[in-house]
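Read-outs throughout are calculated quantities, based only on the coordinates presented, and are distinct from any laboratory measurement. Everything numeric here is computed off the predicted structure, so don't read it as measured data. Counting neighbours? That spans all protein chains shown, and the Cβs are built from the backbone with ideal geometry, glycine included.
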């Protein structure tokens, strides 16, 4: 027989509500009683029943995470950070992979509602009105990571995408490149797409290289699409010597394309990526890239959600974390 | 006010237990009543409370997944398959990343116990006695994916590791290579390590190339370790012309090492990987590799666990799925 809260109370010679208080607000219990309860819990190997606990406290001590693509290594980094923070804060994490499918995402919110998760982290996707309405309708508190919303006032943590793109392009220009191109995210299905394009445009303008402004090809999130976009970009502009890519995966797709055309990287064309995936230092050539603090983004998102759940608000609603240019082998002076 | 099961029963003019039966064993309810209940659920937008449901039925409709490394793309494929199967079967999935840390893994089992998950899938790690004892002690049914146990009779689904390794090495030998090496998993912390080494040894012996038997260097699970292992292997055996790697990540580490030493792949050395990660067709050069059915492994694991949970047993206890050699650019005739 599994021990119950009754058994603990009996052994510790206290009331059931004292045992409950020790588990949920220990500083409100005098030390001698508290120690007796903790000893009894230990001796009996008592495991509180989360269903019963949930019914009493309306808390499941579980957070939900909605990510668009589990096969994208960017999210693996975010998940690690989030999971470590969850362990520290006493939550379990339920991870759901949406594949950027609206119906699937909405049905996951139903699942979260049904499981009564305490809160949700929404990662890297556009917060469509349907999503917002549904989360608010289900009364699930949530925060955003690696995305933000201009329409709704939702706490978020991300990097400064425009500045990060600007820094990468400035770096290429300072290497002496004058014919630059970019592989960007489709603006229609990406939050970071538009600011990263603006960063590219601002940098080329600032250095008097306005003729590059149109040299942007767009791709969805996978390397195959970047491969195809590179083909379009180089067909129209065969003289490009430097390409800024908005993800490491895109950079790998572009380098793969250039390799298939016998164009040397960085010998003939420099390529800069974005994210600093684990993979980027293993690629051939090793990628120069804009590092995002993936682990820290995940960690901060969990902490922010915890803050929201425990205090009802967050101190810093829109938080920006630092990016950093990592110079490796895929870029070279012109 | 959220509608309750009482409201549904009232509107449908049936008893509460009939509503409950419609949700859990609909074929035991006459059609006219069933339709009235379903209509009422729909009209009221009733969401059953999983805490309350859990208390009544002792089911949480949640499965747990223990994976060793969320940053390994092999698991991303497995997770996709498992999550899709879970959706179909009506389960939520709680994914926990253990980082191959014993204490963390044991504490996740506690969490699963506390959350009363219905069952657990244990992926790709050694089933140490502590893990087995803990899962059994918590009375959590579980199955293994991409691993197996010789000591305990636990249902599992995996590939034939020895045969897959044999096929890869045979392929290299038939290309004319006579000086072969292998980068394997450390036997101490890997289930698939020993059978894959046996596959290598069997192939070289069968073709009278016994002098290669000792040409195995071992690495942990990351590409950096494979880079280092390649350095050791090529320092001792500079004449090798073909390397079989037990993961695509290792193959990338080896190719990265050879690139840094100005050794051409596949010009001077052929490299074959294992897994067929999404990344393997994006790498430079594109990897020849042994494909594992990652998605299907995840799917089958969820189905097996469901079978175990609903019937108390599984038809096929030890299931093997097919592997397949995919020939791309990293291998060439000698």
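Relative to the first principal axis of the alpha-carbon coordinates of chain B, what is the inclination of helix B:248-260, with its axis defined by its Cα atoms, in degrees from 0 to 90 and to the nearest 10? Approximately 30 degrees, to the nearest ten.
Of all the options A:109, A:67, A:16, the one that moves most in a Gaussian network model of chain A with Cα springs shorter than 10 angstrom is A:16.
Average projection, convex hull of the Cα set of the protein assembly as shown: 33.3 square nanometres. In this rough spin-label picture, where each label sits 7 Å from Cα along the Cβ direction, the residue A:311-residue B:318 distance is 5.7 nm. The tail of the calculated P(r) for region A:242-334 beyond 17 Å holds 55 percent of all Cα-Cα pairs. The alpha carbons of region A:64-222 occupy a box of 56, 32, 28 Å along the principal axes, longest dimension given first.
How would A:281, B:92 line up from fewest to most surrounding beta-carbon atoms within 10 angstrom? Show your work: numbers first, answer last.
Numbers: A:281 16, B:92 24.
By the 10 Å Cβ count, ascending: A:281, B:92.
Axis angle, to the nearest 10 degrees, between helix B:31-44 and the longest C-alpha principal axis of chain B: 80 degrees. Kirkwood analysis of the Cα pair distances in region A:280-334 returns a hydrodynamic radius of 13.7 Å. Computed from Cα atoms, the angle from the helix A:294-311 axis to the main principal axis of chain A rounds to 40 degrees.
Between copies, the label points at residue B:10 (set 7 angstrom from Cα along Cα-to-Cβ) are spaced 3.9 nm, reported in nanometres from shortest to longest.
Neighbouring Cβ atoms from other chains, within 10 Å of the Cβ of residues in A:198-210, number 0 on average. With the Kirkwood sum run over all distinct C-alpha pairs, region B:100-150 has a hydrodynamic radius of 11.0 Å.
Tell me whether region B:142-209 comes out rounded, prolate or oblate; compute the Cα gyration tensor, take square roots of the eigenvalues as a ≥ b ≥ c, and use a/c under 1.5 as the rounded threshold. Verdict is prolate for region B:142-209.
When the Cα atoms of region A:175-218 are aligned to their principal axes, the ranges along those axes come out at 32, 17, 16 Å in descending order.
Fewest-first ordering of A:29, B:145 by other beta carbons within 10 Å of each residue's beta carbon gives A:29, B:145.
Compute the FRET efficiency between residue A:296 and residue B:47 as 1/(1 + (r/R0)^6), taking r as their Cβ-Cβ distance and R0 = 30 Å, and round to the nearest 0.05.
Numbers: r = 35 Å, r/R0 = 1.18.
Between residue A:296 and residue B:47 the formula returns 0.25.
For the peptide B:274-284, the mean number of other protein chain Cβ atoms found within 10 angstrom of a residue's Cβ is 5. Think of it as helices only: each DSSP H run of n ≥ 4 in chain B is worth -39500 (n - 2.57), and spread over all residues that comes to -14000 deg cm²/dmol at 222 nm. Normalised by 2.2 N^0.38 Å, with N the number of residues, the alpha-carbon radius of gyration of chain B equals 1.24.
In peptide A:119-128, how many Cβ atoms from other protein chains are near each Cβ within 10 Å, on average? Each step should come with its number before you reach the end.
On the way: counts 0, 0, 0, 0, 0, 0, 0, 0, 0, 0.
Per-residue shielding by partner chains comes out at 0.
Mind checking which of B:316, B:159, B:255 has the largest fluctuation in a GNM of chain B, springs on alpha carbons under 10 Å? Greatest mean-square fluctuation among the candidates belongs to B:316. Position residue A:107: other-copy label points at 3.5 nm, ordered by increasing distance, label point 7 Å along Cα→C-beta. Run the simple label-point estimate for residue B:198 and residue B:174 please: 7 Å along Cα→C-beta, distance reported in nm. So the label points at residue B:198 and residue B:174 sit 2.3 nm apart.
Find the relative contact order for region A:161-292 and round it to a whole percent, using C-alpha pairs within less than 8 Å whose residues are 6+ positions apart. Present the calculation step by step, with values, prior to reporting the outcome.
Values: 235 pairs, mean separation 31.7, N = 132.
Relative contact order for region A:161-292 comes out at 24 percent.
At an R0 of 25 angstrom, the distance between the Cβ atoms of residue B:263 and residue B:325 translates into a FRET efficiency of 0.60.
Taking label points 7 Å from Cα along the Cα-to-Cβ direction, residue A:334 and residue B:207 give a separation of 4.9 nm.
For region B:161-292, take N as its residue count and report Rg(C-alpha) divided by 2.2 N^0.38 Å.
Numbers: Rg = 12.9 Å, N = 132, 2.2 N^0.38 = 14.1 Å.
For region B:161-292, the normalised Cα radius of gyration comes out at 0.92.
Comparing B:239, B:262, B:215 in a Gaussian network model of chain B, where Cα atoms under 10 Å apart are tied by springs, the biggest mean-square fluctuation is seen for B:262.
DSSP beta bridges confined to the protein assembly as shown are antiparallel in about 10 percent of cases.
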